[in-house]
Amino acid sequence: MRKWIVSAILIIIGLYSCQNQTQKLSEFEQGAKMIQERFIPDKSLAAFRAELSFENGMWLLDGESDVSEYAAAVVSLADSLIGKNQYKNNFSILPEESLGDSIYAITSVSVANIRRDPRHSAEMVDQSIMGRPLKLLKYVRGGWYMIQTHYGYIGYIQRGQLTRMDKKSLDEWQNAPAIRMTALSGQIFSKPDEESEPVSDFVINVQLKKTGSTKDWIQVELPRGKQGYVEKEDAVDASADQKLTLGRIMHTAHSMMGVPYLWGGNSSKGNDCSGFTQTVFNANGVQLPRDARQQVLVGEEIIPNDDFSNIRPGDLLFFGSEKRITHVGISIGGDEFIHQAGYVHISSLNPEKENYSAYRKGQFQKAKRVIHAEN
């Protein structure tokens with residue numbers, strides 16, 4: 001009888017312990033979500049992961065983040081649920097220590113695809129183009145780095161598509177005389193001759209170190225240190241004070257007519273709707289956020305007239321629902337706008353025009369004026 005009672009007590013204790021563990025795990029999950037919503041409202045602009053588990057009779061906190069407030073709050077949550085020093089803490093702050101001082105990089109191919117996860121089959125969330133700086137957060141086995149772009153986007157890039165460096169080397173690259181490519185695409189040649197062997201291809205907005213020039217050619221240095229030549233007509237001095245005009249913005253936008261749609265694309269090789277607008281404005285010295293939901297937060301809102309006559313070229317038009325912005329285009333003035341939807345083309349919000357889009361008219365949400373430039 002005593003044996004049976006002892007067994008029953010052990011079963012009850014085990015059940016209570018299991019229920020207690022399940023409750024703590026549930027409370028941690030809910031608490032971690034609230035912490036994320038407070039300190040990381042936009043998931044695309046920060047690295048974060050927090051996991052609590054109970055294995056082999058021990059509590060384990062695992063995770064990582066580059067946001068110190070989020071990390072501190074997660075550890076505090078675990079302390080309150082499990083007890084300080086009553087669990088193994090494997091939560092790490094990014095960039096990871098193993099990277100040392102070399103936590104920066106320059107994109108070294110014309111267009112590097114940024115993946116959501118460190119594998120080729122993962123969703124492409126963005127692109128980085130040659131010459132652009134990146135911050136390295138950690139190295140992942142298999143040849144991938146978790147990176148952050150200069151406008152905050154988080155993702156993974158293959159090791160072979162970037163040149164790693166420390167802060168001093170990054171500053172030297174960014175402060176050196178440079179050129180920015182204005183042609184949509186082309187070749188960087190090994191000699192000042194179109195018949196010479198190409199060193200690399202380029203896309204619009206690629207930035208290269210300038211090392212010399214001739215009458216028709218500019219000698220450049222690529223991020224990996226290789227020398228090459230580009231035609232002068234395809235580039236401008238990156239440090240020159242280029243006057244921002246609506247005409248220049250519209251010229252850049254129209255030059256990309258027909259460029260195909262690419263989810264996560266952010267270059268003239270292929271782009272999505274917000275990648276198109278970011279590329280166009282970037283070519284004219286204006287850095288927009290990456291996504292349409294982020295771009296709608298900048299600029300001055302313009303309430304359109306019934307015929308959109310007060311909407312001018314360069315204004316951004318946003319579409320979707322009241323709760324979610326899903327599309328963006330660039331006004332060419334009035335009721336017409338140029339946008340990426342399958343390919344870059346022009347649509348109208350006027351039902352009397354041939355290029356009228358009833359779908360976009362029904363989804364129109366607001367117009368924002370990002371720049372106040374001359375025509």
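What to note about this one:
- Residues in region 168-213 that are open to solvent by 40 Å² or more (accessible area, probe 1.4 Å) and among the hydroxyl-bearing types (Ser, Thr, Tyr): Ser169, Thr182, Ser185, Ser190, Thr211, Ser213.
- Of all residues assigned to region 81-90, at least one qualifies as being touching a residue at least 12 places away in the same chain (Cβ under 8 Å), in a loop (DSSP other than H, G, I, E, B) and either open to solvent by 40 Å² or more (accessible area, probe 1.4 Å) or among the β-branched types (Val, Ile, Thr) (or both).
- Which listed residue, of Glu374, Glu336, Glu354, is open to solvent by 60 Å² or more (accessible area, probe 1.4 Å) and at pLDDT 95 or above: Glu354
- Selection within region 331-375 - within 30 Å of Gly285 (Cβ to Cβ), of a type in the set (Asp, Glu) and not in a strand (DSSP E or B): Asp335
- Scanning region 36-62 for residues that are over 22 Å from Asn20 (Cα atoms) and open to solvent by less than 30 Å² (accessible area, probe 1.4 Å), we see that the one that is nearest to the chain's Cα centre (by Cα) is Ser44.
- All of Gly314, Gly285 fail the test of being surrounded by fewer than 22 Cβ atoms within 10 Å (Cβ to Cβ), part of a loop (DSSP other than H, G, I, E, B) and on the phi > 0 side of the Ramachandran plot, apart from Gly285.
- Ser239 falls short on exactly one of the conditions (1) open to solvent by less than 60 Å² (accessible area, probe 1.4 Å); (2) assigned to a loop (DSSP other than H, G, I, E, B); (3) small (Gly, Ala, Ser); (4) more than 26 Å from Tyr343 (Cβ to Cβ), and that condition is (1).
- Residue in region 133-147 that is without any contact (Cβ under 8 Å) to a residue 40 or more places away in the chain, open to solvent by 30 Å² or more (accessible area, probe 1.4 Å), assigned to a helix (DSSP H, G or I) and farther than 17 Å from Asn205 by Cβ present: no
The values are calculated or read from the model by the stated rules, or taken from the named source; none is laboratory data. Please read all numbers here as calculations on a predicted model, not as lab measurements. Using ideal geometry, Cβ is built from the backbone for each residue, glycine included, and neighbour counts are taken over all protein chains shown. SASA here: full protein model, heavy atoms, side chains in, ligands and nucleic acids out. Shrake-Rupley method; radii C 1.70, N 1.55, O 1.52, S 1.80 Å.
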